[in-house]
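Enquirer: Got a structure for you, questions after.
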Amino acid sequence: ACSHRLWPEIENTVMEQVAMAKLGVGECGAGWQLFAEDGEMKMYRREEEMNGLVVDPLKAVHVVKGITGYELCHYFFSPQYRYDWETTLEHMVVVETISEDTIVFQQTHKRIWPASQRDAVFWSHMRKLSDDQDTEGPGLWAVVNKSTELPNYPANAGKCVRVYLTVCLLCQTLVNPPKNGGPVTREDISCKITYCSVVNPGGWAPASVLRAVYKREYPKFLKRFTAYVINQTKDKPITF
Ligand SMILES: CCCCCc1ccc(-c2ccc(S(=O)(=O)CCO)cc2)cc1/C=C\c1ccccn1
């Protein structure tokens, strides 16, 4: 896929998004406010507007026991599971499978009153990253989703307003080998998750509505998605 028309953009976006995801919320400069907390999950947002539209960047950090970064990214990236965990999804089309780790999607999300219905067209890329500190460890896995233009899916052609999104799911597997030197089980692993998202709603939507949607939907999404992966993997061998 290195020769595909999207490859340069994918490469640049992955590097840029992973670098930003690795920054703590303290380091990203002022402005990150904690808006939701649930156990290990902490959700931050920055209040930003782009020509009158709310485009609040979101950063969530979480630590989940019993699953690996590869497993989380696999279930996030793969189309066949998406309807199981993405509650606001109304319809999803795999527009193009560029390679086993790069897919182009078109998604329609359920209408959220009083705003008009939204859709998104984006490429999605999953990749293992070298973990600079620990080269031979399970490493880091990431999925990056970014809106792209497709002639066959023109923006705002039908009933939906096109949103423009950039999303990064960055996962680091932590292994705590058992003292007795026995095999590593799911009790000995956990995954450090950073989820970053910027969604430009495209057409106008009241700031109060958008902020209420994000405040309600993001915590719900991350809790539901991680619970789904735990449930899908609990009786399966660990995949790093
Ligand atoms: C007025 C409402 C406008 C928002 C509508 C909307 C647009 C986009 C998206 C969305 C959210 C996450 C992704 S992803 O992380 O790439 C995973 C693949 O699905 C892609 C799209 C959602 C939603 C609507 C609800 C909403 C908003 C946040 C979080 C969760 N749901």
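Enquirer: Whenever you get a sec, compute what percent of the accessible area on the stretch 1-70 sits on carbon and sulfur atoms (1.4 Å probe).
Expert: Here it works out to 54 percent.
Enquirer: Let me ask you something else. If I take the Cα coordinates of the stretch 138-216 and project them onto the principal axes, what are the three extents in Å, biggest first?
Expert: 61, 32, 16
Enquirer: Any idea what the dipole of the chain comes to, in debye rounded to 20, about its Cα centre with Lys/Arg Cβ at +1 and Asp/Glu Cβ at -1?
Expert: Working: 27 positive and 28 negative charges, 156 e Å.
Once rounded to the nearest 20, the dipole reads 740 debye.
Enquirer: Computed over the Cα atoms of the stretch 43-159, what is the convex hull's projected area averaged over all directions, in nm²? Write down the numbers at each step before the final one.
Expert: Working: hull surface 39.9 nm².
Reported value for the Cα convex hull: 10.0 nm².
Enquirer: For K146, which lysines qualify as cross-link partners when the Cα separation must be under 25 Å and same-chain residues fewer than eight apart are set aside?
Expert: K22, K42, K59, K110, K128, K159, K192, K215, K220, K223
Enquirer: If I take all pairs of Cα atoms in the chain, what percentage of them are more than 35 Å from each other? Don't jump to the answer; show the numbers that get you there.
Expert: Details: 3605 of 28680 pairs.
Roughly 13 percent, rounded to a whole number.
Enquirer: Which value does Rg/Rh take for the stretch 126-182 over its C-alpha atoms, Rh per Kirkwood?
Expert: 1.30
Enquirer: Based on the Cβ-Cβ distance from R211 to N176, what FRET efficiency comes out when R0 is 41 Å, to the nearest 0.05?
Expert: Details: r = 39 Å, r/R0 = 0.94.
Rounded to the nearest 0.05, the efficiency is 0.60.
Enquirer: So, one more: Using only the Cα atoms of the stretch 1-106, what semi-axes does the equivalent ellipsoid have when each is the square root of 5 times a gyration tensor eigenvalue? Give whole Å, largest first. Please list the in-between numbers first.
Expert: On the way: eigenvalues 140, 78, 55 Å².
Output for the stretch 1-106: semi-axes of 26, 20, 17 Å.
Enquirer: For the stretch 29-82, what is the convex hull (Cα atoms) projected area averaged across all directions, in square nanometres? Kindly include the intermediate steps, with their values, before the conclusion.
Expert: Details: hull surface 23.3 nm².
One quarter of the hull surface, i.e. the mean projection, equals 5.8 nm².
Enquirer: Can you give me the relative contact order of the chain as a percent, contacts being Cα pairs under 8 Å and 6 or more apart? Present the calculation step by step, with values, prior to reporting the outcome.
Expert: On the way: 459 pairs, mean separation 56.2, N = 240.
Relative contact order comes out at 23 percent.
Enquirer: For the chain, the longest stretch holding no trypsin sites (Lys or Arg not before Pro) located in a DSSP loop with at most 16 other Cβ atoms within 10 Å is which?
Expert: Details: sites that count: R5, K110, R111, K159, K179, K234.
Value returned for the longest uninterrupted segment is 6-109.
The values are calculated or read from the model by the stated rules, or taken from the named source; none is laboratory data. Just so you know, these numbers come straight off a predicted model, no measurement behind them. Cβ sites come from the backbone with ideal geometry, for glycine too, and all protein chains shown count toward neighbours. Only protein heavy atoms, including side chains, enter the accessible area calculation; ligands, DNA and RNA are left aside. Shrake-Rupley method; radii C 1.70, N 1.55, O 1.52, S 1.80 Å.
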